[in-house]
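All of the numbers you see were taken from the coordinates with simple rules; none came from a lab. Keep in mind it's a predicted model, so treat the numbers as computed, not measured. Every residue, glycine as well, gets a Cβ built from its backbone with ideal geometry; the counts of neighbours run over all protein chains shown.
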Amino acid sequence: MKTTCDDARALVPSYLDGELPEPQSAPLRTHLLACPACREVAKEGKVLRRWFEAEPARVSVPAGFAARVARRAFAGDPGLLVPEPPAVRPRRPLLPFLLLATAAAAALLFVLAVAIQRESLPHSNRLDAQEGQGRPPWLEAPAEVEPNARDTGSGPEQR
C-alpha cells in the first residue's frame with residue numbers, strides 16, 4: 001500500500017517520538033525519501049522537538065528556601081514585588097492636533113496669497129493703469145472712414 005502525503009503527515013509526530021511500530025515506520029521512511037514536502041514537515045518537527053528535548057540547567061536552591069517561602073505565604077506576606085497593572089498612556093485627543101494643523105495650513109495659505117498678490121502689483125509709484133501699453137483705444141481720435149460705393153445713397157442720412 002502506497003502512503004499518501006496526508007497519511008504521512010499524520011504519522012510524522014509519532015515517528016519522531018519513536019512511538020511508531022516498524023511496519024508503519026518503513027513505508028513512512030520510504031515516503032519521506034521520495035516526497036520533499038513531507039520531508040520538510042518532518043525536518044521542522046525534528047527541529048521543534050530539539051527545543052524541548054534539552055534538559056534545563058540545574059539550579060541550586062539555598063538551604064531552607066522552601067521553609068521560608070511557606071512561612072511567608074502562610075503569614076499573608078504578598079512578597080517583595082507586587083505586580084502592578086501595566087502603565088497605560090493616556091491617549092491624547094486628536095482634535096487639538098487637527099485644529100492646530102488646520103490653523104497652521106490656513107496661515108501658510110494666507111502668507112502665500114499675500115506674497116503672490118504683491119508680486120502681481122506694479123513696482124512703481126505712478127498710478128497709471130495703462131503703463132507700458134500706450135493709449136487705450138477709446139482715447140484715440142476716430143479715423144476718417146471713406147464711404148464705399150455701396151454705402152452712398154442707401155443710408156438713413158440721405159433720406
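Our coupling estimate for region 53-62, obtained by passing each phi through the Karplus curve with A = 6.51, B = -1.76, C = 1.60 and θ = phi - 60°, is 7, 5, 7, x, 5, 6, 10, 7, 9, x Hz, Gly and Pro reported as x.
Restricting to DSSP loop positions (anything but H, G, I, E, B) with no more than 11 other Cβ atoms inside 10 Å of their own Cβ, which trypsin sites (Lys or Arg not before Pro) remain in region 55-122? List each step's numbers first, then the result.
On the way: sites: 58, 68, 71, 72, 91, 118; in loops: 58, 91.
Within region 55-122, the qualifying trypsin sites (Lys or Arg not before Pro) (loop, at most 11 other Cβ atoms within 10 Å) are 58, 91.
The residue list 11, 31, 21 was ranked by how far each Cα lies along the charge dipole of region 5-53 toward its positive end, using unit charges on Cβ atoms, and 31 comes out on top.
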